[in-house]
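S.K.: Got a structure for you, written out below as structure tokens; questions coming shortly.
The values are calculated or read from the model by the stated rules, or taken from the named source; none is laboratory data. All values derive from a computational prediction rather than experimental measurement. Note that each Cβ is placed from the backbone with ideal geometry, even for glycine, and that neighbours are counted across all protein chains shown. With ligands, DNA and RNA removed, areas are computed over all heavy atoms of the protein, side chains included. Shrake-Rupley method; radii C 1.70, N 1.55, O 1.52, S 1.80 Å.
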Amino acid sequence: MNYGKEGIKKRQREINAKGPKWVKKFLLILLEIIFVLLLAVGVIGGAAGIGVFKGIISTAPDISKISVAPTGQSSFVYDKDGNQIAKLVTANANRIPVGYDQMCDNLRNAFVAIEDERFYTHNGIDIQRILSVGIKAIRSGHLGAGGSTITQQLLKNNFFTDWVEEENDIEKLKRKIQEQYLAVQLEKVMSKEDILTNYLNTINCGQSTLGVQAASLRYFGKNAKDLTLSECAVIAAITQKPTYYNPIIHPENNKNRMTDVLNAMLRLGYITEAEYDQAINDNVYDRIKENNEVHGEAQVNSYFVDAVTEKLEDDLLAAGYSENEVYSLMYSGGLRIYSTMDPEIQEICDEEFANEDNYPAGSTWLLDYRLTVLKADGTYENHSSEMFKAYFKQQKSSFNMLYKEQETAYEAIEEYKAAVLEEGDEVFAEAVELTPQPQISFTVEDQHTGHVVAMVGGRGEKIGNRTYNRATQATRQPGSCFKVLSTFAPALDSKGMTLATVFNDAPFNYYDGTPVTNWYGQDTYKGLCSIRHGVWYSLNIVAVKCLTVITPELGFNYLTNFGFTTLEEGKVIGNQVYTDIGQPLALGGITNGVYNIELNAAYASIANDGMYVEPILYTHVTDANGNIILDNREPVTRRTLSEQTAFLMTEAMKDCVNIGTGTPAKFPGMTIAGKTGTTSNQQDVWFAGYTPYYTATCWAGYDNNAELTNAQAGIPKTMFKVVMSRIHEELPNKNFDVPTGIVRATICSKSGKLPIPGLCDACLKEEYFAEGTVPEEYCDVHFAGRVCAYDGLRATDQCPFAYDGVVELLPVEDEALWSGSNVLVNPLDPLGATVQVNTTGYCHHNDAFFAQENWEGILQGEQWELDQRNAAAQAAMEAGQ
């Protein structure tokens, strides 16, 4: 109805003309009343509306106190050359912010054309679009979408982040009013360029990507500044409904919307007809499909990246961040993590450890199996690998979850399910993991900087991130690799011993009476052997004797300084005390084992002239703005050995590679030092070695501690050779530097002391010494004079079996080795008979012997025993002839 003044007058004339005057007068009064009432309602409603509007505006925040920059950014890991090697991302963080100039013109114009065509002319709100949306709302009966400008969308996404929780139109209207108000305020303080840049870095572009840069890489494998027109239109088409217009899942839907984008760009003059035709006919979706096939699967990070993230997490916690803060920083904080990984060396490692030709025949598969059964009564029943193993051990007591073929493992799984599933049961969940065995780990470090340049944490396909990394998480027994670190190096460094110091490789017991055995035979001994010999031929008894003399406490202290974190020093569990301070320490017999990365770092310190550098996996970490939050560029160092000791140990370990147990690791054209390590049960085997350039350590063993075959025991030496030979292909050969304070001297190799002219001529050897440690005593092994024929020692004046001769004597051993349970081989006895540890250097036919009441009977018995030995020796000699 028309209630204006002219309308009312017209109505009055009609009334006067058609009816009685009183009726006309009544109707006129009624109309006037209605008009006044409506006017009053309008005034009151308008005033109330203005009041409500002002109230909503008054609760809006100050524009200067809010941020519209996108939050939640991917973190990235880079190799040493600055190449991206991994992206750390969580939900709502797959974003890579870029600047205005890092987006091509067509991309910016595409979004403006389809989302907010008057963006460059409005003041934050578009009145024309608001009216259009309002009319649609009146017709439909509810508030619709589509009236928001890019400025408003930016505020909605980065400030009004709880808009998705709005429960009714009143809440939505309140937010819209504040959004429009703040949009106007924002445009007063921020340029159109900055608003558009923030918007394009914020929007949801499907496939878990946020922002146009992440979308460009995901769909096309290129940066946002390098997109073609058609590619720009595809991405601009997504954001209205990211799932519906997803170009991978719904390419046809995206194509329709992409056409709308191009039409809008053409209509607004952003592109020409020719550009339109080229873009509309571009088969862009084939490229998206191809890129998706290459990059579409979820990223599985390398073992190296896993190690970096573990270390970063520990360092952030140590820096005072909470666990929640650490997670947020690492996966949505936009960190830039600059690792030490050398891409070329890592590639060599990956290729060689994936090459099955480098492994001996006989590889098996270790099964890890879990099963959840939905029972007929609705309850759940869980089955573990232990239950699976127990079931099959009933059939075969030696069953250890290892299978020669994967097919056989799956057959066993079916058998197990058939045995445990009852009528009405269903398989609710099942997990099968088959891992090739034996497994390996490998670490390569530049010993001069401490930079870990490559790492392999396991053999076979890596499934998932932060999986079991045998290089940083597996503690395995180090075996003979500990001889150098726990025993021989401390002996030279702190106890005045030399590479020429000798020990008698002969039957010897631990303090508890347990015999120490050599790896090359339980009852086989090599007699007098130097420390150098003990290193290159990995002599167990020589190592245990040496540690006994220098004390296990000293060896333990050196290992701690070498960086081992898994050693136990009196740990109490229940009534049991665990300590690694003992004689078995010489052979690597410890409670927990060691990490590969730590063993490698210990050997790297010897390669680095006795200077330990804490292993570095990343040099520094910055936040999204380039501010450094962690810095490893100044390494943590400490001295573990003197330069002279480090050089001497290197010299001995060069022999290990050239003539000893490590010869299979040798490759031509490079100077190499190293040490083998094998546990007595052959469950763990190692090779730790180094060149003047790099230090590398390889471990091999079964994850379930099965025993390795002799062929499998050679894996570490083989892998060291094939990997390190490729790493050093272009590097010139050179020797290890000789530090000051090193001298050479000629010694008798039997005693390790100065030679006696005429007696030691056949045993002369030139040896390296640290200055001040060249022996001053003369050989005490080669002897000319009165000898006891019974025990081969120097004869006392009372000895009834003395004769004049030239013999090799057993040197007097350190008193730490004097134990009633320990014996020595008599080198003059052809039957290999033994005598008690020699504590005096003389036979036992002395005053104390003759003071015994029955000495004559004892003497007769000895004479008879001596005669028997001589007869046997003579017979043996004749048989040999």
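S.K.: Tell me, in nm to one decimal, what length is gained between I628 and Q84 on full extension, where the rule is 0.36 nm per residue of separation less the Cα-Cα distance?
M.R.: Going from the current span to full extension adds 194.0 nm.
S.K.: Additional query: Taking Rg and Dmax of the Cα atoms in Å straight from the coordinates, which label in (1) 32.1, 107; (2) 42.4, 170; (3) 33.2, 115 is the correct one?
M.R.: Recomputing Rg and Dmax of the Cα atoms in Å here gives the entry labelled (2).
S.K.: Would you tell me the accessible area of M670, worked out with a 1.4 angstrom probe on the heavy atoms of the protein chains, in Å² to the nearest 10?
M.R.: 20 Å²
S.K.: Next question, about the same structure. Once R0 is set to 25 Å, what does the formula 1/(1 + (r/R0)^6) return for the Cβ-Cβ distance between D425 and F399, expressed as a FRET efficiency to the nearest 0.05?
M.R.: 0.55
S.K.: Still on this structure: Any idea what angle helix 21-58 forms with the longest principal axis of the chain, computed on alpha-carbon atoms, 0 to 90 degrees, nearest 10?
M.R.: Approximately 20 degrees, to the nearest ten.
S.K.: At a Förster radius of 30 Å, what calculated FRET efficiency corresponds to the Cβ-Cβ distance of E815 and T475, to the nearest 0.05?
M.R.: Given R0 = 30 Å and the Cβ-Cβ separation, E is 0.25.
S.K.: Looking at this model, which pairs from K87/K675; K389/K545; K396/K483; K80/K192; K241/K289 are more than 31 angstrom apart at the alpha-carbon?
M.R.: Pairs exceeding 31 Å: K87/K675; K389/K545; K396/K483; K80/K192.
S.K.: With contacts defined as alpha carbon pairs under 8 Å and 6 or more residues apart, what's the relative contact order of the stretch 446-573 in percent?
M.R.: Reported as a whole number, the value is 24 percent.
S.K.: Please label the shape of the stretch 572-617 as rounded, prolate or oblate, based on the square roots a ≥ b ≥ c of the eigenvalues of the alpha-carbon gyration tensor (a/c under 1.5 means rounded; beyond that, a/b larger than b/c means prolate, else oblate). Write down the numbers at each step before the final one.
M.R.: Working: a/c = 3.27, a/b = 2.12, b/c = 1.55.
Prolate, because a/c is 1.5 or more and a/b exceeds b/c.
S.K.: How large is the helix-only mean residue ellipticity at 222 nm for the chain, computed as the sum of -39500 (n - 2.57) over DSSP H runs with n ≥ 4, divided by its residue count, in deg cm²/dmol to the nearest 500?
M.R.: Only helices count here, giving -12000 deg cm²/dmol.
S.K.: Taking a ≥ b ≥ c as the square roots of the eigenvalues of the Cα gyration tensor of the stretch 679-810, is the shape rounded (a/c under 1.5), prolate (a/b larger than b/c) or oblate?
M.R.: oblate
S.K.: Along Cα→Cβ, 7 Å out, is where each label goes; now give me the distance between the ones at E707 and Y511 in nm to one decimal.
M.R.: A separation of 3.0 nm, rounded to one decimal place.
S.K.: In degrees, nearest 10, range 0 to 90: what is the angle between the Cα axis of helix 105-115 and the longest Cα principal axis of the chain?
M.R.: Once rounded, the angle reads 50 degrees.
S.K.: Using the Cβ atoms and a cut-off under 10 Å, what net charge is assigned to the surroundings of H383, where Lys and Arg are +1 and Asp and Glu are -1? Kindly include the intermediate steps, with their values, before the conclusion.
M.R.: On the way: positive: R370, K417; negative: E381, E386, E430.
Net charge around H383: -1.
S.K.: What angle, in degrees between 0 and 90 and rounded to the nearest 10, separates the Cα long axis of helix 303-318 from the longest principal axis of the Cα atoms of the chain?
M.R.: 80 degrees
S.K.: Work out the FRET efficiency for D523 and A319 from their Cβ-Cβ distance, taking R0 = 60 Å, and round it to the nearest 0.05.
M.R.: Plugging the Cβ-Cβ distance into 1/(1 + (r/R0)^6) gives 0.55.
S.K.: Here's a follow-up. For a quick protection proxy, order the peptides 107-119, 244-256, 586-598, 353-365 by their average other-Cβ count within 10 Å, most packed first.
M.R.: Top of the packing list down: 586-598, 107-119, 244-256, 353-365.
S.K.: Let me ask you something else. Could you work out what % of the accessible surface of the chain is carbon and sulfur, using a 1.4 angstrom probe and leaving DNA, RNA and ligands out of the count?
M.R.: Solvent-exposed carbon and sulfur of the chain make up 50 percent of the total.
S.K.: Run through the DSSP bridge list for the chain and note the antiparallel percent, rounded to the nearest 5.
M.R.: Within the chain, antiparallel bridges account for around 90 percent of the total.
S.K.: Right, another one. Is the stretch 323-381 best put as rounded, prolate or oblate by its Cα gyration tensor, with a ≥ b ≥ c the root eigenvalues, rounded for a/c under 1.5, and otherwise prolate when a/b is larger than b/c, oblate when not?
M.R.: The shape class here is oblate.
S.K.: Here's another thing I want to ask about it. Could the peptides 843-854, 558-569 be put in order, highest first, of the mean number of other beta-carbon atoms found within 10 Å of their residues?
M.R.: Taking the mean over residues of other Cβ atoms within 10 Å, the ranking is 558-569, 843-854.
S.K.: So between K571 and L764, what do we pick up on full extension, going 0.36 nm a residue minus the alpha carbon distance?
M.R.: 64.7 nm
S.K.: Taking the Cα centre of the chain as origin, work out the dipole magnitude from +1 charges on Lys and Arg Cβ and -1 charges on Asp and Glu Cβ, in debye rounded to 20.
M.R.: 6200 debye
S.K.: Here is a further query. Rolling a 1.4 Å sphere over the protein heavy atoms, what is the accessible area per residue of the stretch 463-522, to the nearest Å²?
M.R.: 35 Å²
S.K.: Further question on the same structure: Using Cα-Cα distances under 8 Å and only pairs 6 or more residues apart, what relative contact order does the stretch 409-514 have, in percent?
M.R.: Details: 53 pairs, mean separation 14.7, N = 106.
Normalised by residue count, the contact order of the stretch 409-514 is 14 percent.
S.K.: What figure, in Å² to the nearest 10, do you get for the accessible area of M401 with a 1.4 Å probe and non-protein molecules left out?
M.R.: Accessible area of M401: about 10 Å².
S.K.: Further question: When only C-alpha pairs under 8 Å and at least 6 residues apart count, what is the relative contact order of the stretch 601-647, in percent?
M.R.: Here the relative contact order equals 44 percent.
S.K.: Here's another thing I want to ask about it. Could you sort I63, I135, I195 by their accessible area in this structure, using a 1.4 Å probe and putting the largest first? It would help to have the intermediate numbers written out before the result.
M.R.: Working: I63 30, I135 90, I195 0 Å².
Largest accessible area first, the residues go I135, I63, I195.
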